[in-house]
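Enquirer: Structure below; questions to follow.
The values are calculated or read from the model by the stated rules, or taken from the named source; none is laboratory data. This is a predicted model, so every value here is computed, not measured. Cβ placement follows ideal geometry from the backbone for every residue including glycine, while neighbour counts extend to all protein chains displayed. With ligands, DNA and RNA removed, areas are computed over all heavy atoms of the protein, side chains included. Shrake-Rupley method; radii C 1.70, N 1.55, O 1.52, S 1.80 Å.
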Amino acid sequence: LVFLVRSGPNAGDYLAYDFTSGQRRVLFSLQAAQGPETGTLQFSPDGKWLLYQSEDAGASEIYVRSYPAMGAPRRVSSGGGRLGHWSADGRTIVYESPGGAVMSVAVRLDEGLTLGTPEVALDADEFSGLFGVSSDGQRFLRFHLSQEALMPQLRVVTGWLAGLAEASGGG
């Protein structure tokens with residue numbers, strides 16, 4: 001099990017817990033862990049790579065590291081990123097850009113890890129959020145909020161004082 005333990009409002013450690021031995025170890029630390037999604041971490045389908053989000057470089061970016069050797073971090077995103085996901089076959093990483101577009105990065109796992117250039121897989125939608133990825137990596141699930149759903153609702157109730165008096169038996 002790999003998880004994030006915050007050591008303060010702006011820092012944290014990723015730890016691994018081995019259920020067989022009962023041992024835990026610090027994998028790596030985040031110096032500027034901010035926001036609820038910073039803890040997003042996902043193993044590659046083959047279990048040899050960890051995909052995570054960090055603000056260590058000053059802006060939210062998506063990184064990958066080898067596991068369990070914990071090699072140096074390699075940045076996946078370009079110009080910011082959050083909510084990274086592996087495709088089920090491990091050949092693609094997708095993430096959300098700061099503008100809301102879904103970005104796709106080709107991955108080769110021949111000898112080590114080779115990352116392609118991020119490309120727009122799905123344009124930004126002003127009212128959508130990220131997302132899930134289908135097992136074949138060809139479809140995305142995004143929630144959509146309509147403009148109406150974002151508008152505050154105002155409900156006017158008249159005659160409530162008389163109704164309250166009747167309900168309490170006062171008449």
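Enquirer: Across the range 24-44, which residue is modelled with the lowest pLDDT among those that are under 14 Å from residue 65 (Cα atoms) and open to solvent by less than 30 Å² (accessible area, probe 1.4 Å)?
Expert: Among them, the one singled out is 30.
Enquirer: Any residue in the range 68-90 that is at pLDDT below 90 and among the charged types (D, E, K, R)?
Expert: Yes, the range 68-90 has at least one match.
Enquirer: Going by the conditions given, is residue 100 under 14 Å from the mean Cα position of the chain (by Cα), more than 17 Å from residue 52 (Cβ to Cβ) and either free of Cβ contacts under 8 Å to residues at least 60 places away in the same chain or assigned to a loop (DSSP other than H, G, I, E, B) (or both)? Full working, then the answer.
Expert: On the way: under 14 Å from the mean Cα position of the chain (by Cα): yes; more than 17 Å from residue 52 (Cβ to Cβ): yes; either free of Cβ contacts under 8 Å to residues at least 60 places away in the same chain or assigned to a loop (DSSP other than H, G, I, E, B) (or both): yes.
Criteria met by residue 100.
Enquirer: If you scan the range 107-120, which residues turn out to be more than 14 Å from residue 62 (Cβ to Cβ) and either surrounded by 13 or more Cβ atoms within 10 Å (Cβ to Cβ) or modelled with pLDDT of 95 or more (or both)?
Expert: 109, the sole residue that qualifies.
Enquirer: Would you check if residue 119 is of a type in the set (Asp, Glu) and in contact (Cβ under 8 Å) with a residue 24 or more places away in the chain?
Expert: The answer is no for residue 119.
Enquirer: One residue is enough: does the range 4-23 have a residue meeting the conditions more than 24 Å from residue 140 (Cβ to Cβ), surrounded by 18 or more Cβ atoms within 10 Å (Cβ to Cβ), at pLDDT 80 or above and not basic (Lys, Arg)?
Expert: For the range 4-23, residues more than 24 Å from residue 140 (Cβ to Cβ), surrounded by 18 or more Cβ atoms within 10 Å (Cβ to Cβ), at pLDDT 80 or above and not basic (Lys, Arg): present.
Enquirer: Quick one: would you say residue 129 is surrounded by 11 or more Cβ atoms within 10 Å (Cβ to Cβ), closer than 23 Å to residue 76 by Cβ and either at pLDDT 70 or above or among the polar types (S, T, N, Q) (or both)?
Expert: No, not satisfied.
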